[in-house]
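A quick write-up on the structure given underneath.
Only the coordinates and a few stated rules stand behind these numbers; no lab work does. If you're wondering where the values come from, they're calculated on a predicted model, not measured in any experiment. Note that each Cβ is placed from the backbone with ideal geometry, even for glycine, and that neighbours are counted across all protein chains shown.
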């Protein structure tokens, strides 16, 4: 039997929106907690947001990984202490009541009530200082708002988990996990092991006994535990479970919010390289929504790349350009497949015919919105795209767009270990315990049964708090 190098009551694998709150609540309840985080600890402010350095230090695979399909869907994963909360824009949406109702009934989830989730959401919002801007929005955000207003489309400002010490919107400090729940967990005695990859879980019957880990410097170790809670995200959580021999209803139902993008040029300098617009357009929600993306010069070039021969010369005017997206709530599904010998899993995703039609309509409507906002040139991100300069050109998008020619991507990943009491469909029970196991749990975006139609991190954190408290009240004495 392998010697145990570390021992704890509960091993939490991953330190993002699911893992950090879980670790904090368990440690504050007096449990001996170890958090195993594959990535490094990177202090906020030590890298420029959306820069190449940030992609190299805080993202998996340098910033972009691909779910195979026709088309392939590019996605991003944070790989650092705090996970995706360290690298995203901090935009926050409370889980909609109708989504909670759908999850409860369709997946037979016990003890999931919209009013209870609202209480947990308010707790998250207080902890993370969720609030709107203290001053005017950035120029790219204002353009999005203006276009929606002129069209009469429903829109609003998304609050962010930010503090504003000087009341200057540009000086906001993101209240990510490394500033909130992770310090709470260490203050309560939790140990955080960074640059520590969990290779597999060692099982005996219906129990986890330990985890085999490898540090970035090559050291190998074993962490013994009374319970393990996997919070590595919607790709890495199912991959770890599969590597450990657990496959039933694991990794087969990946859900995302696919997006297509365009770049819009205005007659003035308005680019904000290190931030994103806070306004979103919800006129066609939940099926379709519009927002603003990061517009670092390199990302502007990337948005022009699919039609570079025609659009590329505009990159020199990047200060006049901002990048925007149309996101859909997809009917399609994907898979996460762990393959022996490969470090990372193979990920696939399939768009339905309805998804493809929504992406086409979304890109056309987004172009219209930005023309109304004063754009002089709109550059859709797909091969063979026309340059849009007036509403007369919009029909060309309908005629030439194909999802197979577009740069489809997503930053919202969920649903790979759906929770619920239907054992034919769900990998975990109503509170995240893996079906058939006594002391193995999941508590991250993997549990959300489908894509919520809004930024999912508010939903992830509310569910994580719910499940952590249930673990303390009902599960801990039985593991």
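Worth pointing out:
- Considering only beta bridges that DSSP places wholly inside the chain, some 70 percent are antiparallel.
- Both radii are taken from the alpha-carbon atoms of segment 155-288; with Rh as the Kirkwood radius, Rg/Rh is 1.08.
- D by Stokes-Einstein for segment 235-292, Kirkwood Rh over Cα pairs, 37 °C, 0.692 mPa s: 211 µm²/s.
- Taking the C-alpha atoms only, the angle from helix 114-127 to the longest principal axis of the chain is near 80 degrees.
- The gain in end-to-end length when the residue 199 to residue 383 segment is fully stretched comes to 62.3 nm, 0.36 nm per residue minus the alpha carbon separation.
- Förster radius 25 Å - calculated FRET efficiency between residue 64 and residue 41, Cβ distance, rounded to 0.05: 0.65
- Rotationally averaged projected area of segment 171-216 (alpha carbon convex hull; nm²): 5.2 nm²
- Values of log10 I(q)/I(0), in the order q = 0.10, 0.13, 0.17 Å⁻¹, for segment 97-191 under a Debye, Cα-only, solvent-free model: -0.46, -0.73, -0.98
- Pairs of alpha carbons in segment 304-411 separated by more than 15 Å make up 68% of all such pairs.
- Across the chain, the convex hull enclosing all Cα atoms gives 138 Å³ per residue.
- Long-range Cα-Cα pairs in segment 31-125 (distance over 17 Å), rounded percent: 66 percent
- Over the chain: helical MRE at 222 nm, DSSP H runs n ≥ 4 each giving -39500 (n - 2.57), nearest 500: -8000 deg cm²/dmol
- Rg in Å to one decimal, and Dmax rounded to a whole Å, for segment 374-479 via C-alpha atoms: 21.9, 67
- Angle between the chain longest axis and helix 19-28 axis [Cα atoms, degrees, rounded to 10]: 40 degrees
- Footprinting exposure proxy for 354, 79 (fewest neighbouring C-beta atoms within 10 Å first): 354, 79
- Length added when fully stretched, residue 72-residue 119, from 0.36 nm per residue minus Cα-Cα: 13.1 nm
- Relative contact order for the chain: 22 percent, from Cα pairs under 8 Å spaced at least 6 residues apart, divided by residue count.
- Principal axis dimensions, largest first and in whole angstrom, of segment 36-194 by Cα: 49, 45, 45
- Each pair of Cα atoms in segment 114-158 enters the Kirkwood radius, and Stokes-Einstein at 20 °C and 1.002 mPa s then converts it into a translational diffusion coefficient of 168 µm²/s.
- Nearest-0.05 FRET efficiency for residue 393 and residue 339, computed from C-beta distance (R0 45 Å): 0.50
- Here the relative contact order of segment 339-479, from alpha carbon pairs under 8 Å that lie six or more residues apart, stands at 14 percent.
- Shown for 300, 64, 460: other C-beta atoms within 10 Å of each C-beta, ranked fewest to most, produce the order 64, 300, 460.
- Sorted by Cβ density within 10 Å, fewest first, the residues 215, 6: 215, 6
- Each label was represented as a point 7 Å from its Cα along the Cα-to-Cβ direction; for residue 51 and residue 105 these points are 5.0 nm apart.
- Between segment 208-271 and segment 341-377, the Cα center-to-center distance that results, in Å: 23 Å
- Rounded FRET efficiency, nearest 0.05, which uses the C-beta distance separating residue 219 from residue 173 and R0 of 45 Å: 0.85
- The modelled label-to-label distance between residue 438 and residue 425, using points 7 Å beyond Cα along the C-beta direction, is 3.1 nm.
- Long-range Cα-Cα pairs in segment 292-332 (distance over 16 Å), rounded percent: 40 percent
- Angle of helix 97-106 to the longest C-alpha principal axis of the chain, folded into 0 to 90 degrees and rounded to 10: 50°.
- Extension reserve of the residue 308-residue 352 stretch, reckoned as 0.36 nm per residue once the Cα distance is removed: 13.0 nm
- Cα-based equivalent ellipsoid of segment 401-460: semi-axis lengths in Å, sorted from largest, via gyration tensor: 29, 13, 9
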